[in-house]
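Engineer: Quick one: structure below, then a few questions.
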Amino acid sequence: MGLIFKTLSILSLSLILLLPLNTHAATFFIKNNCPYTVWAASLPTGGGQQINTGGTWSLNVAPGTTSGRIWGRTGCSFDGAGNGHCQTGDCGNVLACRLSGAPPTTLAEFSLNQPNNLDFYDLSVIDGFNVPMSLAPTSGGCASLRCPADKCSDAYLFPADNSKTHSCPSGTNYNVVFCG
C-alpha cells in the first residue's frame with residue numbers, strides 16, 4: 001500500500017510540474033519627452049537610468065511582480081559610482097533605487113499576472129506631483145492614462161480612490177512617457 005501511495009504521489013507531482021505555467025513578463029518602454037533630463041527609477045526591479053530629452057529606457061519586469069512602480073526624478077547629480085542626490089523623487093542618494101522615491105513623485109504603479117491573468121495598473125499623485133507622465137498599454141482595448149498636471153483626473157488623488165485602477169490582459173507591454 002505504501003509503494004502505491006508513493007508512486008501516485010510522484011506521478012501527481014510529475015504531472016503538476018509538466019503543466020504549462022501561465023505567467024507573462026512585461027516590458028516597460030520608458031521615454032523622456034520633457035525639455036529637461038529625467039532620471040527614471042523603478043521598484044521592485046531596482047534600478048535607475050538617466051534619460052535625456054528624447055531618450056528611452058526599456059525595463060523588463062518579471063511575471064507576478066506586485067506593487068511595482070516607476071517614477072521620474074529631477075535635478076539629480078551622481079558620481080561615477082552612482083551616488084548622489086535628486087531634488088525630487090530621490091531614493092536614498094543612489095542612481096539604482098532600492099527604496100521608494102521621496103515625495104513629491106508622480107507614480108506609474110503596476111502588478112503583473114494577477115488573478116484571471118490580468119495586469120493591474122494606475123497613475124498616482126498621492127505622494128505629490130513632480131513630472132507629467134502617461135502610462136499606456138500596448139494592447140488594444142486597455143485604458144491609456146495621462147497626468148499632465150497636479151490633481152489630474154486619471155490619477156489616484158487619495159488612497160481609497162479605487163476607480164483609478166485599470167486592468168489589461170497579462171502579457172501586455174507598457175509605454176511610460178515623461179511629459180507625454
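Engineer: Where does the chain land at 222 nm, in deg cm²/dmol rounded to the nearest 500, when only DSSP H runs of n ≥ 4 count, each adding -39500 (n - 2.57), divided by all residues?
Structural biologist: Dividing the helical sum by the residues of the chain leaves -3000 deg cm²/dmol.
Engineer: How far apart, in nm, are the 7 Å Cα→Cβ label points at T66 and A149?
Structural biologist: 3.7
Engineer: Return the sequence-ordered ³J(HN,Hα) values of region 96-110 in whole Hz as given by the Karplus equation 6.51 cos²θ - 1.76 cosθ + 1.60 applied to θ = phi - 60°, using x for Gly and Pro.
Structural biologist: 8, 5, 10, 10, 5, x, 6, x, x, 9, 7, 10, 9, 10, 7
Engineer: Here's something else I'd like to know. Run a plain Debye calculation on the chain (Cα atoms as equal point scatterers, no solvent) and give log10 I(q)/I(0) at q = 0.18 Å⁻¹, rounded to two decimals, same order as the q list.
Structural biologist: Ignoring solvent entirely, the Cα scatterers give -1.11.
Engineer: Fewest to most neighbouring Cβ within 10 Å: what's the order for D79, D90?
Structural biologist: D79, D90
Engineer: Taking every DSSP beta bridge that has both residues in region 66-180, what percent is antiparallel when rounded to the nearest 5? Display every interim value, and only then the final one.
Structural biologist: Details: 26 of 28 bridges.
Among the beta bridges of region 66-180, antiparallel pairing accounts for roughly 95 percent.
Engineer: So, R0 is 25 Å and r is the distance between the beta-carbons of T56 and S139; what FRET efficiency does that work out to, to 0.05? Provide the component values of the computation, followed by the final result.
Structural biologist: Values: r = 20 Å, r/R0 = 0.79.
Once the sixth-power term is evaluated, E becomes 0.80.
Engineer: Could you list C86, C76, C179 in order of exposure, starting from the residue whose Cβ has the fewest other Cβ atoms within 10 Å?
Structural biologist: C179, C76, C86
Engineer: Distance from the Cα centre of region 42-63 to that of region 123-144, in angstrom?
Structural biologist: Between the Cα centres of region 42-63 and region 123-144 lies a distance of 15 Å.
Engineer: I'd like the orientation of helix 2-18 relative to the chain: the angle between its Cα long axis and the longest Cα principal axis, in ° from 0 to 90, rounded to 10.
Structural biologist: Here the helix axis deviates by roughly 30 degrees.
Engineer: Would you order S77, S124, S167, S144 from fewest to most other beta-carbon atoms within 10 Å of each residue's own beta-carbon?
Structural biologist: Numbers: S77 10, S124 24, S167 17, S144 13.
The fewest-first ordering by Cβ neighbours comes to S77, S144, S167, S124.
Engineer: Give me the net charge for the shell around S167: Cβ to Cβ below 14 angstrom, other residues only, Lys and Arg +1, Asp and Glu -1.
Structural biologist: -2
Quick note: the coordinates plus some simple rules give every number you see, no bench work behind them. Every value quoted in this text rests on a predicted model; they were computed, and no experiment measured them. As a convention, Cβ positions derive from the backbone with ideal geometry for all residues, glycine included, and neighbour counts pool all protein chains shown.
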